[in-house]
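Before any comments, here is the structure.
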Amino acid sequence: MNGMKVEMQPKKNVRKKRKPDNELPVHQCALYKIGSPKRLADLLNISTVELEVILQSESNYKLFNKVLAPNPFTGKSPKHRAVQEPKPRLRKLHERVLSILRRVQYPVYVQGGVKHRSYQTNAAIHLGARQTATFDLKNFYASTRYCLVHDFFHKSMCCPSDIAGRLASLTTWNGVMPTGSPLSPLLSFWAAKGLFDKCEALAIKYGLNFTCYIDDLTFSGDQISGRFQSELKILASRFGYELAKEKTKIFRFGVPAHITGVISHKAKLSVPHARLKGARKIKDAIEGKGKAYGFTAAQLKKKLAGAINEAATIDAVKYEKWAVYSRKDAEDQFNK
C-alpha cells in the first residue's frame, strides 16, 4: 500500500482455554448420542482405521505387579498390586475420554477425582456427626465389569449399542476396569452410578450424610444402625459388588473417626497420629537422633517437606510454619 512494504506479524501461539470441569449436564457431554464410528473416531482425534486397529489389538496394556515399598518411618508394610497400564496409543484415548468426562456435572456426594474435591473435603462433610461409618467396596475395579461400562455409554450417554460396545472395549481390560488408567477413577463412578445413587437414597432414608471417594463409602449421622448396614450390604451385592468386611469401621459418639486418611473429631479435622509419628522419626533421622534407613540427607528432607506440607493442608494453623521451614530446608539441601 502506497509503495510501503507491510510485514506480516507472526500469529501468537494462543493456548486454547480448557472448558471448566464439573459444569455440563449429561446431555451436553461430547460423548452424548455419538451415532457412528466416524464421529467417535473424530471425537477421539484419530482415524476410523486407527480406531479399529486399537480395538482389535491384544497388546494394548502393559501388565506388571507394583510393589509399594514399606515405609520404615510409619511402619506401613509393603503392598503388592497388579497393574494394567494402557500403552501410549491407548492411554492417549483414555486421557481424551477423561478430559470429556471431567466437564460433566457430578453429584455432591462424589468427592474423588473431581476438581476442588479431595480426601479432605470428603472428611469435612462428616464433621460434627454423632456416629460415622466407613465401608470399602472390595476389588472395586475388578468388580466394575464391561456390562456396567457398556450400560453407561448406551443408557446414560444414549449411544447406539455398537458404539457403546466400542467405547466399553476401549476403556476396559479383560472385561473389567484397568487399575493403571488415569480414566478409571471417574469412569468407574459412572459405571457404578446406579449403586451410588441408591446409597444416597438409603442415606436419606436413614437421615444420614453420604459421600464416596472412589471405592470408599462414608455415612454419618445420629445413628448407624445394624439394619442400615444390612440393607447396604444387600444393595451392594445387587449391583455385583461386595463390602470388604475387614475394612468396615463404625465410629461411635466421642470416638475420633478415620475418614480417607483424615481424623474427624470434635468438629475439627486433624492429622492422623501415625503420620505425625512418621514425620517426627524423619526429623530425628535428619538430626542424627534416629535411624536413616539408608536415605541421604536430601532424601530425608524431601520426605519431611512432603509429609508436613500435606499435614498443613489439613491443619494450617498447627503446621504451616513447620511446612514453610521444611520446604526451604529441602530446597537449600537440593541447591548445595
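The values are calculated or read from the model by the stated rules, or taken from the named source; none is laboratory data. Being a predicted model, the structure only gives us computed values, none of them experimental. All Cβ positions, glycine included, derive from the backbone under ideal geometry; neighbour counts span all protein chains shown.
Some observations on this one:
For every residue, the table says whether it meets (1) in contact (Cβ under 8 Å) with a residue 24 or more places away in the chain; (2) basic (K, R); (3) farther than 15 Å from L43 by Cβ.
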| residue | (1), (2), (3) |
| --- | --- |
| F153 | yes, no, no |
| S156 | yes, no, yes |
| P160 | yes, no, no |
| G165 | no, no, yes |
| V176 | yes, no, yes |
| T179 | yes, no, yes |
| L183 | yes, no, no |
| S188 | yes, no, yes |
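- Scope the stretch 247-274; condition basic (K, R) and over 14 Å from K318 (Cβ atoms); matching residues: K247, K249, R252, K266
- The helices (runs of 4 or more DSSP H) found entirely in the stretch 16-133 that carry 1 or more residues being at pLDDT 95 or above and farther than 25 Å from Y213 by Cα are 37-43, 48-56, 88-101.
- So D284, is it part of a helix (DSSP H, G or I), more than 18 Å from I263 (Cβ to Cβ) and touching a Gly at 6+ places or on another chain (Cβ under 8 Å): yes
- Residues satisfying the stated conditions in the stretch 72-108, i.e. under 30 Å from K291 (Cβ atoms) and touching a helix residue (DSSP H, G or I) at 6+ places or on another chain (Cβ under 7 Å): F73, T74
- The listed residue being of a type in the set (S, T, N, Q), more than 30 Å from L127 (Cβ to Cβ), more than 17 Å from the chain's Cα centre (by Cα) and crowded, with 16+ Cβ neighbours inside 10 Å, out of S220, S181, S156: S156
- Considering residues of the stretch 262-301 that are touching an Asp or Glu at 6+ places or on another chain (Cβ under 9 Å) and closer than 20 Å to A133 by Cβ only, the residue surrounded by the fewest Cβ atoms within 10 Å (Cβ to Cβ): K268
- Condition met for E242 (under 30 Å from F140 (Cα atoms) and acidic (D, E)): yes
- Qualifying positions in the stretch 257-281 - modelled with pLDDT of 90 or more, in a loop (DSSP other than H, G, I, E, B) and over 18 Å from T211 (Cα atoms): V271, P272
- All conditions but one from (1) among the aliphatic types (A, V, I, L, M); (2) surrounded by 13 or more Cβ atoms within 10 Å (Cβ to Cβ); (3) under 20 Å from K87 (Cβ atoms) apply to V53; the one that does not is (2).
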